[in-house]
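Here the structure comes first, spelled out in structure tokens, and everything after it is commentary.
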Amino acid sequence: MRKLVYYVGASLDGYIAGPGGEFDFYPVSEQITAWICDRYPDTVPTHVRSSLGVEGVPNKVFDTVIMGRGSYEPGLTAGVTSPFAHLRQFVVSTTLPDTEDPAITLIRTDPLALVKALKEAEGQDIWLCGGGTLAGELLPEIDELVIKRYPVVAGAGIPMIRGNFEPTLFTPTATESLSDGASITWLKRNT
């Protein structure tokens, strides 16, 4: 069965974005960019795949992406209506106007039901792109966390997971440290 994987970048204090949704404070080095292109090329937005040398690279891990409005809107503001055209794309939002892009499926209600149905279908894993509120809603279905931890403290912002008090155990399965100060930790949900 397919897994729902929350693959996300976070600050040392657990924020995925600043208070206004900003994410440009992350120290993104050539090393972490190369690591992403090698390990998770599926997560590279379509409009920059060519410049990063991953255009035409087959999907390694994911064939589907689920994102909240806050994760989708920065691209939309820049005129990118289909940020991951190489993946099946779902945007969960109750407030986003209807999209005219046929590559985007807008989900207005019950993202848990969507994830359960996607997990039963054939395919590669499902990438939960963000944000924190959607991750909180989907926590019961998250099978794995892949956390790219950047060497920066944000101090405030959007937490990695925002929701109700629901202690959920995950077991670390691997950690990788890069010389630029970033680290990646894989965690599997305890069953």
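Can you give the % of DSSP beta bridges in segment 4-164 that are antiparallel, to the nearest 5?
Approximately 10 percent, going by the DSSP bridge assignments.
Run the dipole for segment 4-164 about the Cα centre, Lys and Arg Cβ at +1, Asp and Glu Cβ at -1, nothing else charged, and hand back the magnitude in debye, nearest 20.
Magnitude of the dipole: close to 200 debye.
Which aspartates and glutamates does K119 reach when only Cα atoms under 14 Å apart count, and residues fewer than 8 places away in its own chain are ignored?
Candidates past the 8-residue exclusion: D63, E141, D143, E144.
One quarter of the convex hull surface, Cα atoms only: what value does that give for segment 125-179 in nm²?
Average projection, Cα convex hull of segment 125-179: 5.0 nm².
Choose one of V8, G163, L76: the residue whose Cα lies farthest towards the positive end of the charge dipole of the chain (beta-carbon charges +1 Lys, Arg; -1 Asp, Glu; about the Cα centre).
Of V8, G163, L76, it is G163.
For the chain, calculate the relative contact order in percent as a whole number, restricting contacts to Cα pairs under 8 Å that are 6 or more residues apart.
34
Here, each number is a calculation from the coordinates, and none is a lab measurement. Everything numeric in this text was worked out from a predicted model, so none of it was measured. Because the Cβ atoms are built from the backbone with ideal geometry, glycine has one as well, and the counts that use them run over all protein chains shown.
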